[in-house]
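The values are calculated or read from the model by the stated rules, or taken from the named source; none is laboratory data. Please read these numbers as outputs of a predicted model, since none were measured by experiment. Cβ coordinates were reconstructed from backbone atoms using ideal geometry, including for glycine residues, and neighbour counts include every protein chain displayed.
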Amino acid sequence: MKTKFLNLLLLIFFTQNTYSQCFEIESILVDACGAQEGLNEMVRFKIGGAPLNTSTLNVSWPNNTWQGLIQNATTASKVATLNSDIVDAGGCGILIEPSGGILPANASVILVTSFNLDTSLNSFGALSEDTYIIFQNNPAVTAGHFANFGTGLRTLTIFLGPCVDVVTYDRSLLVSPTGETTASDGSTVLFTPGGIATYVNYGCSAPVQPFLVEINNPSIAACPGDTIALIATAEGQQSVVWTAPSGSFSNSGALTTSFTIPSNATGTILVTLTATNSCGLEISDTVLITITNNLVPNFATTLTLCSGTTAPTLNTTSPNGIVGTWSPSSINNTTSGNYVFTPNANQCASSVTLVVTVTNNIVPNFATTLTLCNGTTAPALNTTSPNGIVGTWSPASINNTTSGNYVFTPNANQCASTVTLVVTVTNNIVPDFTTTLTLCSGTTAPTLNTTSPNGIVGTWSPGTISNTTSGNYIFTPNANQCASPITLVVTVTSSITPDFATTLTLCNGTTAPTLNTTSPNGISGTWSPPAINNTTNGNYIFTPNANQCAAPITLVVTVTSTITPDFATTLTLCNGTTAPSLTTTSPNGIIGTWSPATITNNASGNYVFTPNTNQCALPITLVVTVTNTITPDFATTLTLCSGTTAPTLNTTSPNGIVGTWSPGTISNTTSGNYIFTPNVNQCASPITLVVTVTNTITPDFATTLTLCNGTTAPTLNTTSPNGIVGTWSPATINNTTSGNYIFTPNANQCALSVTLVVTITNFDFTFIEKCEGRIFIIESILENPLADSNYEWTLENNPTIISQESFLNVTELINSNNITNTFPKTFSLKIYTSEGCEETRQVTVFNAFCGIPKGISPNNDGLNDSFDLTGLGVESISIFNRYGRQIYSKNNYLNEWYGQSDNGHELPDGTYYYLLNKSDGKQVTGWVYINRQAN
């Protein structure tokens, strides 16, 4: 961390620029070599565009006090010794002690912490530029001026002329020569102009740029023709150049380059990087490249395949151990082609090509099927095909009793494929004709089929069957069917007539006799139709079953129409009424009897009328239903909520009674009675419906609710304060989303639905810091402010409330002496509401003052008369004039400087430099302008 202090533009009418008088701290040798570290530490800084006089030099070391400069014979001797060492190291720059204390413009300067510097422990190396050196008048303080490895920050401040420069480093980041974060001799901190620190260690050397070069690559093994990336680092060089006895560099003058090895290289190649500084001194570093010879993978380079045979797998590792890939990756067993093997990288191996020749297969042109009859002589199997392929058969000869496959395998080296002969051996077949047949004499004989059901074709002898004479008929199969002849025996028999009755008369509807399927003389058969229809005349034919040599006969059935007595067949009576008498002659003249003979009037039942015989008349049944008196099963009471839709009065009761209501419709505003009168002939009695109309109630729930997002939502009560029971939808309140919740009363309460509107508010706030004049205020900003928000400010872990406003006036709080003016301070603010919203945030304040004034005008006009630093926690102040001389100082400063010196004299108008030490350990510097001219 670094601060540069310049004369600033302080007032609108006053401008001064002193950049040319400033300087920059560039490096610190923090951990010097030797046990007496306080004698050997160094600081390097760069003078700006104007010379500076060392008489104004003042240094604030992290440790120890500034003891001024010394330049005498001792320092001259030290410088002479160091310059001799620089020349011996090949440097062309020298160390110079300033003449008259003047450090020229743009000079590089080394400040040594003691003139008793041990020159043998602190090499300046090959210094390449003239550098001024100055020594602190420290004869014996051996304790270090800086803090080595540990924790915490350390700050160095140098005052020189009108300028000051401050740098800060972190002790924990100091490094060893190998880069570990641990301080050791040579730990150095470099600073950019912006104050950014870099931690290095070049060993026991002054904080000047070293001259070194190093190739970062280790020893390299490579193949001829390879290109290798080379990377190096260097310090203090004017130029670098790469060289090698053979090969080429992509850029021989760069620290990072590519080196291409010759394709015919063998053995080793030594690569050298030479750095030259501005003094012409050269230093070098080398790296050795070992060349590995190329290997040829020892795969076979030719292969011949028969088309379609299994191709061998391409091995990705050669017999002599070269690993790589093939392109194509597998052999095509149908097409000739080349297959290239490419070794993987870093094996120093070359590619090889496999030439694959694929030859088409020849198919031996044997017949592939053969059919034999079981036991016939089988042909011999030829071992040479008609197209000249020689081979062997498996099995070697054909079995004439069993079907099977016979495989011909060509001899090797003919690119011929195997063929299979399928031999089918067929057993002798017996034609599956029936072998017996019985015919009734004179019936039509069947035709003799010349193809059996199982497919055997042949001829019959004789060729047709005689229907009058028994005899034998021989079937002879045609040749080449492996089939044997058979004989059909035909028997011809005389016919018999079944002795059934041939006529029948029935009354329409009477039960018809069953048709017997066996005649009295033993002929069995079937009738068509199979049963007698007792309502229609018709003929019924009996057909004897086959093989009985019996003739069919016909039964003629005559049906006489049946008369139905035309009595009523149903009667309904109300229980206890007089029943009618049952008459024994029907209106259409049928005479008969009833059973039971009289109707009973108190029980339902059936009454059967049976006609007397010989009338071809049917019995009928009178169904008498005795009905009890029914009460319509309507509800007899109804309660309605006033104004709700009244139900319609149904004119048919649930138990089926039809009638009318009086009045005909229900009033939904007035209680009353409604009478239902059944229609006649229903054995039903009237009833009364009593309707009660009740007023409607509104559940007295609250209809709005506001919740903070995430707070516990109240439970929705299912009974309202005025006693209405119901359900909510949704049933529970979502404590993260606004929405409506509807309460629906249970039935039969004459109550209305109500809606609860729930609003979810996000309760969060942020802080803003602002100045109102010189007053420093922290204000809280609520995202969703609520009317009853409460505020409680507290300081750090103290529970005492210091404010209950939405803002905190920190300046007023400090000035009221309620709290100390040391900073930083952490304030807590809790904001809460009656809805349960609550949030607490903390804010850290680093001062309670609205800026440091850029100028003062001490003319007693009440405006900016003094340098007011109230609330900044200033422990001490020092004010310097433009020549770097301290003119005013005070401890526990608030607002006491109004442009006077320590002795009370009024200072002239102009620019002054201040240095503040604060209670938080920080140091603040800057410029303030005195202007007594009235505004």
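Numbers at a glance
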{"item": "Top-ranked residue of segment 695-730 - restricted to ones that are within 24 Å of Asn668 (Cα to Cα) and touching a residue at least 40 places away in the same chain (Cβ under 8 Å), ranked as surrounded by the most Cβ atoms within 10 Å (Cβ to Cβ)", "result": "Pro699"}
{"item": "Residues that are hydrophobic (A, V, I, L, M, F, W, C) and in contact with an Asp or Glu (Cβ under 7 Å, 6 or more places away or on another chain), drawn from segment 135-155", "result": "Phe146, Leu153"}
{"item": "Selection status of Thr755, out of contact with any helix residue (DSSP H, G or I) (no Cβ under 6 Å at 6 or more places or on another chain), in a loop (DSSP other than H, G, I, E, B) and not aliphatic (A, V, I, L, M)", "result": "no"}
{"item": "Any chance Ser284 is in the same structural domain as Tyr339 (by TED's automatic domain parsing) and in contact (Cβ under 8 Å) with a residue 60 or more places away in the chain", "result": "no"}
{"item": "Residue match in segment 677-693 (condition: within 60 Å of the chain's Cα centre (by Cα) and modelled with pLDDT of 90 or more)", "result": "no"}
{"item": "Meets criteria (modelled with pLDDT of 90 or more, in a loop (DSSP other than H, G, I, E, B) and either surrounded by 13 or more Cβ atoms within 10 Å (Cβ to Cβ) or at positive phi (or both)) for Ile733", "result": "yes"}
{"item": "Extreme residue, nearest to Ile630 (Cα to Cα), among residues of segment 600-618 that are in contact with a Gly (Cβ under 8 Å, 6 or more places away or on another chain) and without any contact (Cβ under 8 Å) to a residue 40 or more places away in the chain", "result": "Asn602"}
{"item": "Test for Ala76: is it at pLDDT 90 or above, more than 30 Å from Ser172 (Cβ to Cβ) and aliphatic (A, V, I, L, M)", "result": "yes"}
{"item": "Residues located in segment 192-251, provided they are in contact with a helix residue (DSSP H, G or I) (Cβ under 9 Å, 6 or more places away or on another chain) and hydroxyl-bearing (Ser, Thr, Tyr)", "result": "Tyr199"}
{"item": "Unique residue being closer than 30 Å to Thr435 by Cα, out of contact with any Leu (no Cβ under 8 Å at 6 or more places or on another chain) and without any contact (Cβ under 8 Å) to a residue 24 or more places away in the chain when the list is Thr518, Thr585", "result": "Thr518"}
{"item": "Of all residues in segment 178-200 being modelled with pLDDT of 90 or more and crowded, with 16+ Cβ neighbours inside 10 Å, the one that is farthest from Cys92 (Cα to Cα)", "result": "Ala197"}
{"item": "Test: Ala396 is exposed (fewer than 15 other Cβ atoms within 10 Å of the Cβ), modelled with pLDDT of 90 or more and in a loop (DSSP other than H, G, I, E, B)", "result": "yes"}
{"item": "Output for segment 747-765, where each listed residue is surrounded by 12 or more Cβ atoms within 10 Å (Cβ to Cβ) and more than 23 Å from Gly710 (Cα to Cα)", "result": "Gln749, Cys750, Ala751, Leu752, Ser753, Val754"}
{"item": "Residue check, Gly463 part of a loop (DSSP other than H, G, I, E, B) and either of a type in the set (S, T, N, Q) or under 30 Å from Cys549 (Cα atoms) (or both)", "result": "yes"}
{"item": "Residue within segment 93-115 that is modelled with pLDDT under 90 and surrounded by fewer than 16 Cβ atoms within 10 Å (Cβ to Cβ) present", "result": "no"}
{"item": "Yes/no for Thr822 being modelled with pLDDT under 85 and surrounded by 18 or more Cβ atoms within 10 Å (Cβ to Cβ)", "result": "no"}
{"item": "Entirely in segment 269-343, the strands (runs of 3 or more DSSP E) that have 2 or more residues that are touching a strand residue (DSSP E or B) at 6+ places or on another chain (Cβ under 9 Å), closer than 30 Å to Ser248 by Cα and not acidic (Asp, Glu)", "result": "282-291, 337-343"}
{"item": "Filtered residues of segment 236-258 (kept if polar (S, T, N, Q) and either in a loop (DSSP other than H, G, I, E, B) or in the same structural domain as Tyr202 (by TED's automatic domain parsing) (or both))", "result": "Gln237, Gln238, Ser246, Ser250, Asn251, Ser252"}
